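**Q** Can you keep this structure in mind? I'll have questions shortly.
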Amino acid sequence: MMRTYFDEAIGTVPPAQVDVDDVIRRGRRRSRRTGIASAATVVVLAAAGLVGTGLRPIWGTDSDTAAPSTSTEQRLTRALEAAVAAHAPGKVSDADNGLRPLQVAHLSHERYRGLFPRPVVAVKSAPNVYAAAATLTIGVRTGVFVIFIGRADALFVPPKCQAEVGDKYSCTIATGPQGALIVRREWTYGEDKGVHRQSTVQIDKTDGTRLVLSANNLVLDPGQLIAIGTERALTMTP
Amino acid sequence: VKGSDEAEFREYVSARLDQLRRVAYLMCHDWHTADDVVAVTLDKLFQRWRQARSAANVDAYVNRMLINAWLDERRRPWRRETVTEVVPERAAPRSGSATVDETGIMSLLRSLPARNRAVLVLRFYCDLSVEETAQVLDIPAGTVKSQTARGLEALRAAIDVRSGVR
């Protein structure tokens with residue numbers, strides 16, 4: 001009986017603006033993207049020290065948040081494309097949400113929604129960090145490559161090796177080109193058919209720029225990641 | 001989502017779309033927003049269809065998603081509602097969507113906070129039990145009971161139903 005009163009109160013129902021076929025089409029597209037995203041997520045989490053180390057990442061602080069800068073995105077994209085071409089020549093693929101592979105975008109970009117831990121997906125609170133991702137195929141290997149670029153206070157990753165160094169996790173700290181502090185981490189995680197290998201380098205440049213570069217499936221070795229990340233043009237203070 | 005799952009999803013949505021839109025409209029009182037909320041819900045439902053269809057009560061599962069989508073939508077700055085004692089005057093309804101609110105139900109719902117409103121809609125329109133409503137809204141059954149009692153009293157006053165509602 002009550003339901004009848006509710007229906008009377010609703011009155012005439014206008015034609016639906018929701019189409020089930022559109023929902024299914026969007027869902028299919030999202031599923032395709034998720035395949036790429038899940039691999040990238042593993043890379044990202046590993047880059048942050050989440051996989052294998054028990055650490056939780058802190059992606060940003062309030063001290064360095066800023067609106068996306070198109071000029072910064074374009075400048076960093078040019079620098080990254082040149083660096084990858086120079087140090088890791090191969091096939092670059094995967095683009096979505098209007099971004100081409102290796103195109104650098106601010107973390108508030110639609111592409112990164114759902115891909116990274118929640119604190120970074122809100123535009124308002126997104127730290128002033130830029131990122132790019134791509135699937136690289138070099139020789140017989142294919143893997144996901146991810147890079148974050150920001151100032152050290154916006155891209156917070158402890159610049160030290162954790163205590164859990166063991167058979168499946170190694171970490172070394174060294175001084176690299178132009179005095180950059182380089183933290184190099186390598187992981188093996190998963191079991192049986194799900195074993196993954198991950199290389200991550202964190203580079204703290206003397207100009208205050210911090211980069212985290214990560215690749216899985218040995219598509220890039222740590223030396224290549226360091227070579228890319230220490231390119232002078234990849235900086236927040238050109 | 002496989003082809004057979006898609007067919008099942010399409011069948012379910014086709015059968016329930018009108019009901020979902022009505023529930024959403026009872027929550028937000030605006031067909032544009034209602035359709036937005038339903039679209040968001042269906043997007044999520046498509047991704048979780050296998051999980052949803054294995055639920056003991058698929059409709060309750062979907063209603064939960066719908067309510068959550070609406071609560072999320074309300075938090076967006078441009079959607080924020082303010083609960084007031086006096087319901088403001090509304091613009092004339094769109095052509096073809098005339099609302100006959102002779103019972104005052106819509107006005108009553110509009111005057112309630114979001115979760116109270118959801119309790120009434122779930123209990124009296126979706127016919128969910130106290131326990132199911134509590135589960136959907138993630139609140140204690142006691143809270144559902146007390147809000148239902150208060151809402152029922154108000155509904156009775158609004159539509160002058162003197163008996164037969166339980």
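The values are calculated or read from the model by the stated rules, or taken from the named source; none is laboratory data. Here the structure is a predicted model, which means the values were calculated and not measured. Don't worry about glycine lacking a Cβ; one is built from the backbone with ideal geometry, like all the others, and counts go over all protein chains shown.
**Q** Among the residues of the stretch B:134-166, which ones are of a type in the set (Ser, Thr, Tyr) and at pLDDT 90 or above? Full working, then the answer.
**A** First, the residues of the stretch B:134-166 that are of a type in the set (Ser, Thr, Tyr): B:143, B:146, B:148, B:163.
Within the stretch B:134-166, B:143, B:146 qualify.
**Q** Does the stretch A:12-28 hold any residues that are more than 13 Å from residue B:39 (Cα to Cα), modelled with pLDDT of 85 or more and more than 7 Å from chain B (Cβ to nearest Cβ), and which are they? Steps first, please.
**A** Taking the stretch A:12-28 as the starting set, the residues that turn out to be more than 13 Å from residue B:39 (Cα to Cα) are A:12-15, A:28.
So of that shortlist, the ones also modelled with pLDDT of 85 or more come out as A:12-15.
The one that is more than 13 Å from residue B:39 (Cα to Cα), modelled with pLDDT of 85 or more and more than 7 Å from chain B (Cβ to nearest Cβ): A:15.
**Q** Looking only at the stretch A:219-234, filter to residues that are under 17 Å from the mean Cα position of the chain (by Cα) and in a loop (DSSP other than H, G, I, E, B); which one of those is surrounded by the fewest Cβ atoms within 10 Å (Cβ to Cβ)?
**A** The residue in question is A:219.
Let's see how each residue does on (1) at pLDDT 80 or above; (2) under 19 Å from residue A:69 (Cβ atoms); (3) surrounded by 13 or more Cβ atoms within 10 Å (Cβ to Cβ):
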site: A:147; (1), (2), (3): yes, yes, yes
site: A:158; (1), (2), (3): no, no, yes
site: A:161; (1), (2), (3): no, no, yes
site: A:170; (1), (2), (3): no, no, yes
site: A:177; (1), (2), (3): yes, no, yes
site: A:211; (1), (2), (3): yes, yes, yes
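**Q** Does the stretch B:33-54 contain at least one residue that is small (Gly, Ala, Ser) and in a loop (DSSP other than H, G, I, E, B)?
**A** Checked the stretch B:33-54: at least one residue is small (Gly, Ala, Ser) and in a loop (DSSP other than H, G, I, E, B).
**Q** Name the single residue that is surrounded by the fewest Cβ atoms within 10 Å (Cβ to Cβ) among those in the stretch B:10-56 being facing chain A (nearest Cβ under 7 Å) and among the hydrophobic types (A, V, I, L, M, F, W, C).
**A** That would be B:17.
**Q** Is one or more of the residues making up the stretch A:57-71 modelled with pLDDT under 80, surrounded by 18 or more Cβ atoms within 10 Å (Cβ to Cβ) and polar (S, T, N, Q)?
**A** Within the stretch A:57-71, not a single residue is modelled with pLDDT under 80, surrounded by 18 or more Cβ atoms within 10 Å (Cβ to Cβ) and polar (S, T, N, Q).
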